[in-house]
Amino acid sequence: MPAESTPESGHRRKPRSTRHKALVIAAWSAAGVFVLGGTGLGYVYFNLNDNIKSVDIDQALGTDRPLDVDNGSQDILVLGSDTRSGSNKDLGGGTDDGSARSDTAMVVHVYEGHKKASVVSIPRDTLVPRPACTDSEGVEHDAASLAMFNSAYSTGGAACAVKTVESMTGIRMDHYVEVDFSGFQKLIDELGGVEVTTTKDITDKESHLDLKAGTHRLTGKQSLGLVRTRHGVGDGSDLGRIQLQQAFIEALVEQVRSVGVLTSPKKLYDLADTATKTVTTDSDLASVKDLASFANGLKGIGSSKMNMVTLPVQYDPADGNRVLVEKDKAAQVWAALKNDRAIPKSATEGSATGDAKGVVTS
């Protein structure tokens, strides 16, 4: 899969314990993916701070960003990183070429009052204008008129991904959260798995997934396979995979909210240790205290209060493996979030969709 395409090249084509306040932050998503319920950690804050990796987005991007609107809402870019090296290489779905891509990407808008949220999935194969970016080594990369969305991350890392999203949306991202695949798998196992019901058999050798129709409590490995599969069910498209991801996230949110028996200090510590090792955040969330405060403000949002949509796109007539943004409809989506309003149904009606809706339910 090429990292970049141009018209000229022809490729356009509750966790809540009575004794512990909830910590967390989870996010998925591949990317990706959004949750991490949690638990207040008291005296272990200091010990866990060193686990958290962070990126100073503000320093990297400077002042050339959308206006930071203070209306009580928050916008978070959540990525599931598609790194194929290290422990991730054994998890299926790609070759170990040492590269990294944003396999899953979501803009999470938390409305004023923090009682509900909208989640907009951005297909990784979307062709978008990518702004000029400087990578972590200080190398400058020219802007691209049409590049695959996930090439922003592989080109310039987290800062370039944020810059691309802000350029697309006109919305300043208040936070950035990136989830590592191998950590995600371990986190699901420590949560005790996630229960879902599949209405069809799902088999995908690439993502190591084999599920018969029925109700399952997915292990971490099975969960990761589900959110990454695109060939196991439906039409094999990235849009279909997004439908599976969104259904899984709803189930995960409810699983995190239902974990009430986390009174064991060791269980609390193990979960927090894995969670803090799993995420990379912007520098404003780079401490357990800040993560706990952030997650505490989100813990009241259940799956019934999450509106999950996919960025309005249509298949590129020049290349069926790529999608193009429906600009007018996308503008409605971003305008709604910018003004802290619900996304109108008209903004997503008639857009391209996958063939996996309803295959997974919680």
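The values are calculated or read from the model by the stated rules, or taken from the named source; none is laboratory data. All values reported here derive from a predicted model rather than from experimental measurement. With ideal geometry, Cβ positions are generated from the backbone for all residues, glycine too; neighbour counts draw on all protein chains shown. Only protein heavy atoms, including side chains, enter the accessible area calculation; ligands, DNA and RNA are left aside. Shrake-Rupley method; radii C 1.70, N 1.55, O 1.52, S 1.80 Å.
Points to keep in mind about this one:
- Matching entry among Gly232, Gly225 (being open to solvent by 10 Å² or more (accessible area, probe 1.4 Å) and closer than 22 Å to Gln246 by Cα): Gly232
- Residue satisfying all of: in the stretch 125-149; charged (D, E, K, R) and either at pLDDT 95 or above or touching a strand residue (DSSP E or B) at 6+ places or on another chain (Cβ under 6 Å) (or both); farthest from Leu61 (Cα to Cα) among these: Asp125
- Yes/no for Met168 being surrounded by 22 or more Cβ atoms within 10 Å (Cβ to Cβ), within 23 Å of Asn321 (Cβ to Cβ) and either at pLDDT 95 or above or not basic (Lys, Arg) (or both): no
- Near pairs, Cβ below 9 angstrom, 6+ apart or cross-chain, from the stretch 226-243 (under 18 Å from Gln185 (Cα atoms)) to any residue that is at pLDDT below 80 and of a type in the set (Val, Ile, Thr): Val227/Val33
- Leu268 vs. criteria modelled with pLDDT under 80, open to solvent by less than 50 Å² (accessible area, probe 1.4 Å) and aliphatic (A, V, I, L, M): yes
- Cβ-Cβ distances below 6 Å connect the following pairs, each with a first residue in the stretch 320-340 that is closer than 22 Å to Leu67 by Cα, a second residue that is open to solvent by less than 40 Å² (accessible area, probe 1.4 Å) and of a type in the set (S, T, N, Q), and a separation of six or more residues or different chains: Trp334/Thr169; Asp340/Ser73.
- The condition (being among the basic types (Lys, Arg) and within 19 Å of Val179 (Cβ to Cβ)) is satisfied by just one residue among Lys299, Lys329, Lys345: Lys299.
- None of Ala159, Ala143, Ala152, Ala147 is more than 28 Å from Leu268 (Cα to Cα) and surrounded by fewer than 17 Cβ atoms within 10 Å (Cβ to Cβ) except Ala143.
- Against the criterion of being of a type outside the set (A, V, I, L, M, F, W, C), at pLDDT 90 or above and buried (at least 17 other Cβ atoms within 10 Å of the Cβ), Asp75 qualifies.
- For first residues located in the stretch 67-78 and at positive phi, partners that are open to solvent by 40 Å² or more (accessible area, probe 1.4 Å) and lie 6+ apart or on another chain with Cβ distances below 6 Å form the pairs Gly72/Glu112.
- Restricting the stretch 323-362 to residues that are over 18 Å from Met106 (Cα atoms) and in a strand (DSSP E or B) leaves a set whose member that is least open to solvent (accessible area, probe 1.4 Å) is Val360.
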